[in-house]
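S.K.: If you scroll down you'll find the structure; I have some questions about it.
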Amino acid sequence: MRAYWTTERMEAAIPMELGGPRATKGKPGSGGGSAKAVKVDEQPQFGKVFFTMGGSNYVCSGTATTSSNQDVVTTADHCVNEGPGGFATNFAFVPAYDHGAAPYGTWVAESLFTTGAWANGGDFNHDVGFAVMAEQGGQSLTDVTGCYPIAFNQGYGLTFDAYGYPAAKPYDGQDLWRCSGVAGRDTRGTTDHRLPCSMTGGSSGGGWITGGRLNSVNSFGYRGEKDVMYGPYFGTTEQSVYSTAASS
């Protein structure tokens, strides 16, 4: 599978963009901070995710995550499973991707995990998935990259740094970007956090960090609402799936 992801295929992969729930009523939730993403130095804990779904090659973002097996990558569920439908194939994680370079190698998944709510109905309340990466040369992923611990049931009104590799215009998918601010709560149909953020498709699955811990991922934006990103609440459902992946 590693050989599948040539430089050419990576560059040609399509940003995985989902419009998310269509807003029909209600007012946007609150949330403070600058919506403008800033370019930051690459970090080995963050990387690009590549996968095949429905016969096309796509790109998302992901985060190397603390786990007992030391091989877990956290991303958005829509980068793992069609929701509802089949799982992605050719799933790979490139830590600290930088203009085509893979300084920490290309890691391939040996198993993928999704919430039942996403797999059965595409429920954006639970749009978080986990990949367990195969070891390389006797080393686990996080032995090489380091990792972020993950936290659950932390409440709302948190200050987040959200990371990702946006690839849809005006971005080109070649650099790591960050949005920062205090997240509000979605008031229009989901239990998600709401964060002002200008990142676009390709950033899906990128980690939201609060207090040094991973606590959400880039998930969706409402149609007609510019420069706002929503991320799922990490509750007991997500914790259960993570625990299964981390101990597999």
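S.K.: Read through the list (1) touching a helix residue (DSSP H, G or I) at 6+ places or on another chain (Cβ under 9 Å); (2) surrounded by fewer than 24 Cβ atoms within 10 Å (Cβ to Cβ); (3) part of a strand (DSSP E or B), then give the number of the only condition that residue 130 fails.
M.R.: That leaves (2) as the condition not met.
S.K.: Looking only at the range 163-181, how many residues end up being in contact with a Pro (Cβ under 9 Å, 6 or more places away or on another chain), outside any loop (DSSP other than H, G, I, E, B) and open to solvent by 40 Å² or more (accessible area, probe 1.4 Å)?
M.R.: 1
S.K.: Which members of the range 62-121 meet the condition of being open to solvent by 10 Å² or more (accessible area, probe 1.4 Å), in contact (Cβ under 8 Å) with a residue 24 or more places away in the chain, part of a strand (DSSP E or B) and not polar (S, T, N, Q)?
M.R.: Within the range 62-121, 87, 98, 108, 109, 110, 112, 113 meet the criteria.
S.K.: Hey, could you check the range 133-142 for residues that are closer than 20 Å to residue 244 by Cα and of a type outside the set (S, T, N, Q) and say which is most open to solvent (accessible area, probe 1.4 Å)?
M.R.: Checked the range 133-142; the qualifying residue most open to solvent (accessible area, probe 1.4 Å) is 135.
S.K.: Then there's this: Closer than 24 Å to residue 82 by Cα and either open to solvent by 50 Å² or more (accessible area, probe 1.4 Å) or at pLDDT 95 or above (or both): does that describe residue 187?
M.R.: Spelling it out, it is not the case that residue 187 is closer than 24 Å to residue 82 by Cα and either open to solvent by 50 Å² or more (accessible area, probe 1.4 Å) or at pLDDT 95 or above (or both).
S.K.: Could I ask something else about it? Among the numbered criteria (1) in contact with a Phe, Trp or Tyr (Cβ under 8 Å, 6 or more places away or on another chain); (2) open to solvent by less than 10 Å² (accessible area, probe 1.4 Å), which one does residue 242 miss?
M.R.: Single failed check for residue 242: (2).
S.K.: Which count do you get for residues in the range 168-226 that are within 27 Å of residue 66 (Cβ to Cβ) and among the hydroxyl-bearing types (Ser, Thr, Tyr)?
M.R.: Looking only at that region, the number is 8.
S.K.: Tally up the residues in the range 221-239 that are aromatic (Phe, Trp, Tyr) and buried (at least 23 other Cβ atoms within 10 Å of the Cβ), please.
M.R.: Number satisfying all stated conditions: 2.
S.K.: Let me ask something else about it. Which one is most open to solvent (accessible area, probe 1.4 Å), of the residues in the range 45-60 that are in a strand (DSSP E or B) and small (Gly, Ala, Ser)?
M.R.: Of everything passing the filter in the range 45-60, 56 is most open to solvent (accessible area, probe 1.4 Å).
S.K.: So which residues in the range 103-135 are within 19 Å of residue 4 (Cα to Cα) and either at pLDDT below 95 or charged (D, E, K, R) (or both)?
M.R.: Hits for the range 103-135 are 110, 135.
S.K.: Just checking, how many residues over the range 135-155 are part of a loop (DSSP other than H, G, I, E, B) and either under 19 Å from the mean Cα position of the chain (by Cα) or of a type in the set (Lys, Arg) (or both)?
M.R.: Residues meeting the conditions: 7.
The values are calculated or read from the model by the stated rules, or taken from the named source; none is laboratory data. Just so it is clear, the structure is predicted and the values come from calculations on it, not from any experiment. Because the Cβ atoms are built from the backbone with ideal geometry, glycine has one as well, and the counts that use them run over all protein chains shown. Side chains are part of the model used for accessible areas, which takes the heavy atoms of the whole protein and leaves out ligands, DNA and RNA. Shrake-Rupley method; radii C 1.70, N 1.55, O 1.52, S 1.80 Å.
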